[in-house]
Amino acid sequence: LKEDPNMTSEEIFTLGLEHLYGWFDKQENVEKAKELVLRASRLGCHCAMAECAYKGWGEEKDVDKAFKSYSELAKKSNTHAMHRLGCYWDFDAENVDPKEAVRWYRRAAKGGHISASYNLSVAYNFGLGVAKNPREAFKWCSRSANLGHRSGQHNLACAYERG
């Protein structure tokens, strides 16, 4: 995406994620990402509001508030929310649960979420929350690479190099 004055709040949020994670042709730029996500939040994008709570952008960091928002959005098939729920169970929950993280990553990845596809490949590669499975790891790594995930592209290139 490129900035355009007619963008919806959801498009602005997506552009912010592209800058945050360095997706597609974007370089990672946290300040630009923060600016765009905050703008999307002010325009009423619920996912951006949850992201601001999750990161503490424009408000005090409140992971529990973000978790509740993401849970509601996931019920509406929002793949970013599903991915964030996976991250929550992977890193932020009081009782980290890799199996629950994989469940959310898988749902988001099947919906085409770029980072969830990559995270699922890592889970299968190392056996985190699932049985170690190199074929599944390769499948999800390939998908993330094809969607433009730089780490996925790097890992896929390494896999081809190793044979």
For the structure I just gave you, tell me whether residue 95 is of a type outside the set (Asp, Glu), farther than 27 Å from residue 40 by Cβ and at pLDDT below 95. yes
Going through the stretch 8-43 in order, the residues found to be part of a loop (DSSP other than H, G, I, E, B), open to solvent by less than 30 Å² (accessible area, probe 1.4 Å) and not basic (Lys, Arg) are 22, 23
Counting only residues in the stretch 5-50 that are under 23 Å from residue 72 (Cα atoms) and β-branched (Val, Ile, Thr), the one farthest from the chain's Cα centre (by Cα) is identified as 8
Requiring at least 1 residues that are without any contact (Cβ under 8 Å) to a residue 12 or more places away in the chain and in contact with a strand residue (DSSP E or B) (Cβ under 8 Å, 6 or more places away or on another chain), the helices (runs of 4 or more DSSP H) wholly within the stretch 79-163 are none
Of the residues in the stretch 62-115, those that are under 13 Å from the mean Cα position of the chain (by Cα) and acidic (Asp, Glu) number 1
All conditions in (1) farther than 25 Å from residue 151 by Cα; (2) touching a Leu at 6+ places or on another chain (Cβ under 6 Å); (3) of a type outside the set (Ser, Thr, Tyr) are true of residue 45 except (2)
The correct count of residues that are surrounded by fewer than 24 Cβ atoms within 10 Å (Cβ to Cβ) and under 12 Å from residue 80 (Cβ atoms) in the stretch 104-113 is 3
From the option list 143, 135, single residue qualifying as surrounded by 17 or more Cβ atoms within 10 Å (Cβ to Cβ) and basic (Lys, Arg) is 143
Looking across the stretch 114-132 at residues that are open to solvent by 20 Å² or more (accessible area, probe 1.4 Å) and of a type in the set (A, V, I, L, M, F, W, C), the single one that is nearest to residue 96 (Cα to Cα) is 128
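The values are calculated or read from the model by the stated rules, or taken from the named source; none is laboratory data. Everything quoted here is computed from the prediction, not taken from an experiment. In this analysis, Cβ positions are derived from the backbone assuming ideal geometry, glycine residues included, and neighbour counts consider all displayed protein chains. Accessible surface is based on the protein model in full, side chains and every heavy atom, while ligands, DNA and RNA are left aside. Shrake-Rupley method; radii C 1.70, N 1.55, O 1.52, S 1.80 Å.
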